[in-house]
Amino acid sequence: PIQMENPYKEPPKRCILCKINVDYKNVQLLSQFVSPYTGCIYGRHITGLCHKKQREVTKAIKRAQVFGFMPVVLKNPQFLTDPKICNIKY
Amino acid sequence: QPETAAVLKRTVEALMERGAVVRKLENLGERALPFKISKHSERHRRGWYFLIDLEAPPSIVSSMMDHLGRDIDVIRQGFVKHPVAQPEECPGMIPVDYEEKLRGRKK
């Protein structure tokens, strides 16, 4: 038998933020990963992001909260009706 | 509105004094703050957001934070590094083998 790489391999799965540049200024994107009731940041098992992007998002959220772009204990009511990204049931 | 122009002018002059090169000055508009901020014995609800692009030696940071902290018209200040353009080599989500991870740490 000839040794070769698995020809039926699927391309590796990408997380939803793969090609998107995460910035602390776009509050709408960041608020989608925050709970609307308490304002706490969702963990990796809920958002389904890869390690790098999850860390970037967390750092951006904390930065936006310190600089006064994003509220801390709640979600901005403007962005409450955004489509659901995270794997959470209310 | 002339007050905001005066504040900007003051900050930019202070920056130039300490030897910083200002590249861009962006105005992110006036919005309601996400939470009420009390600074210098005054409670603020609305504010102007400005973003200044600059190149400066890092020794400026602490003196500028001091200077801006003493300015009554500045509500909140902060310095952020320019995001470095990352190499686009994202390998995608490889399923992590938790058992291997645990055994590797256990020794």
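Bear in mind these aren't lab numbers, they're just calculated from the coordinates by the rules spelled out. In this text, all values refer to a predicted model and were calculated from it rather than measured experimentally. Cβ sites come from the backbone with ideal geometry, for glycine too, and all protein chains shown count toward neighbours.
Would it be correct to say that A:ILE20 is more than 30 Å from B:ILE52 (Cβ to Cβ), of a type in the set (A, V, I, L, M) and out of contact with any strand residue (DSSP E or B) (no Cβ under 6 Å at 6 or more places or on another chain)? Before you say what the answer is, go through the steps one by one.
Working: more than 30 Å from B:ILE52 (Cβ to Cβ): no; of a type in the set (A, V, I, L, M): yes; out of contact with any strand residue (DSSP E or B) (no Cβ under 6 Å at 6 or more places or on another chain): yes.
No: the conditions fail for A:ILE20.
Residue under question is B:LEU25, and the condition is that it be surrounded by 15 or more Cβ atoms within 10 Å (Cβ to Cβ) and closer than 26 Å to A:ASN26 by Cα; does it hold?
no
For segment B:38-68, give me each residue that is in a strand (DSSP E or B), within 17 Å of the chain's Cα centre (by Cα) and surrounded by 11 or more Cβ atoms within 10 Å (Cβ to Cβ). Full working, then the answer.
Residues of segment B:38-68 that are in a strand (DSSP E or B), as a first pass: B:38, B:43-55.
From what is left, the residues that are within 17 Å of the chain's Cα centre (by Cα) are B:47-55.
B:GLY47, B:TRP48, B:TYR49, B:PHE50, B:LEU51, B:ILE52, B:ASP53, B:LEU54, listed by residue number.
From (1) out of contact with any helix residue (DSSP H, G or I) (no Cβ under 7 Å at 6 or more places or on another chain); (2) within 14 Å of another protein chain (Cβ to nearest Cβ); (3) surrounded by 11 or more Cβ atoms within 10 Å (Cβ to Cβ); (4) over 18 Å from A:LYS62 (Cβ atoms), pick out the condition that doesn't hold for A:CYS15.
Here A:CYS15 meets the rest and fails (1).
Against the definition (in contact with a Gly (Cβ under 9 Å, 6 or more places away or on another chain), free of Cβ contacts under 8 Å to residues at least 40 places away in the same chain and β-branched (Val, Ile, Thr)), how does A:VAL22 come out, yes or no?
no
So which residues in segment B:69-107 are within 13 Å of another protein chain (Cβ to nearest Cβ) and part of a helix (DSSP H, G or I)?
Listed by number, the residues that qualify are B:TYR98, B:LYS101.
Suppose we filter segment A:70-88 for residues that are within 11 Å of chain B (Cβ to nearest Cβ) and more than 20 Å from A:GLN54 (Cβ to Cβ); how many remain?
Qualifying residue count for the region: 6.
Would you tally the residues in segment A:31-50 being more than 23 Å from B:ARG46 (Cα to Cα), within 14 Å of chain B (Cβ to nearest Cβ) and in contact with a helix residue (DSSP H, G or I) (Cβ under 8 Å, 6 or more places away or on another chain)?
From segment A:31-50, those more than 23 Å from B:ARG46 (Cα to Cα) are A:32-35, A:37-38, A:40-50; that's our starting set.
If we keep only those that are within 14 Å of chain B (Cβ to nearest Cβ) too, we end up with A:34, A:44-45, A:47-50.
Of the ones still in play, those that are also in contact with a helix residue (DSSP H, G or I) (Cβ under 8 Å, 6 or more places away or on another chain) are A:34, A:44, A:47, A:49.
Residues meeting the conditions: 4.
May I ask you to list the residues in segment A:23-73 that are aliphatic (A, V, I, L, M), part of a loop (DSSP other than H, G, I, E, B) and crowded, with 17+ Cβ neighbours inside 10 Å?
Scanning segment A:23-73 gives A:LEU49, A:MET70.
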